[in-house]
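Colleague: Below is one structure. I have some questions about it.
The values are calculated or read from the model by the stated rules, or taken from the named source; none is laboratory data. Please read all numbers here as calculations on a predicted model, not as lab measurements. Each accessible area value is taken on the protein alone, full model and side chains, heavy atoms only, with ligands, DNA and RNA left out. Shrake-Rupley method; radii C 1.70, N 1.55, O 1.52, S 1.80 Å.
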Amino acid sequence: MTATIEPTIIKERLPSASARLSLTPTGSVPGLLDGAWWPRSRDLLREIPALTDALDVCWGRITQVTVNPAHWPVIPRRVPVTGHTVHVGWFTDEQDPNKVILFSYTVGRLDLLVIPPETEPAAAARLMAAATVPGGVRTASGLMADEAMSHDAAETRSREEEWETDGGAATGILSSAPRR
């Protein structure tokens, strides 16, 4: 996948809904992730303002965001947000594709799991909870892989149950073949 880097600043701020965000409790043991973010789309121009609006109050002004372009089709260099501009950078090899890193004047750095916008609410809730465990040692991609495996296992169990209720692999049924 290739990313398009947009060098211009859009003067008007695009309307956005509130951020779907979950953070580790303040003062807890640091972990690899500081929380999780579930954007509504893959449009950074629309999503970053909602994210910074939610974080600026409690974490200080967000000045820079870095992403991996694997999941973002367009990466603007600057995004206008309330009261300032956020600079956006990207790294292909150095940054986990399922993570966004935010920098602020006050806190320094926040690492957030990015939950894909198309994720089902129940899976997103599990991922948000897992990413906010104080002292967590799972990486963003590790959490996404765990969720994918549990989803695949649940889907397999569901198919097996459906197959058995439709007449497959029933146990305890006597065979009509003669015994020898």
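Colleague: For Thr85 and Ala145 in the same chain, what is the full-extension length gain: residue separation times 0.36 nm, less their Cα-Cα distance, in nm?
Modeller: The span from Thr85 to Ala145 would gain 18.2 nm if fully extended.
Colleague: Kirkwood hydrodynamic radius for segment 29-137: how many Å is it when counted over pairs of different Cα atoms?
Modeller: Answer for segment 29-137: a Kirkwood hydrodynamic radius of 14.1 Å.
Colleague: Also, quick follow-up: Rolling a 1.4 Å sphere over the protein heavy atoms, what is the accessible area per residue of segment 45-136, to the nearest Å²?
Modeller: 44 Å²
Colleague: If amide hydrogens are placed 1.01 Å from N in the peptide plane, which non-local residues have theirs closer than 5 Å to the one on Arg78?
Modeller: Val88
Colleague: Fully extended, how many nm does the chain gain between Ala122 and Gln64 (0.36 nm per residue separation, minus their Cα-Cα distance)?
Modeller: 17.8 nm
Colleague: A further question follows. Heads up, I need the accessible area for Trp38: 1.4 angstrom probe, whole protein in place, Å², nearest 10.
Modeller: Trp38 exposes around 30 Å² with every protein chain in place.
Colleague: Let me ask something else. Can you give the extra length, in nm with one decimal, that the chain gains between Val133 and Arg109 once fully stretched, where that is 0.36 nm per residue apart less the Cα-Cα distance?
Modeller: Full-extension gain reported as 6.9 nm.
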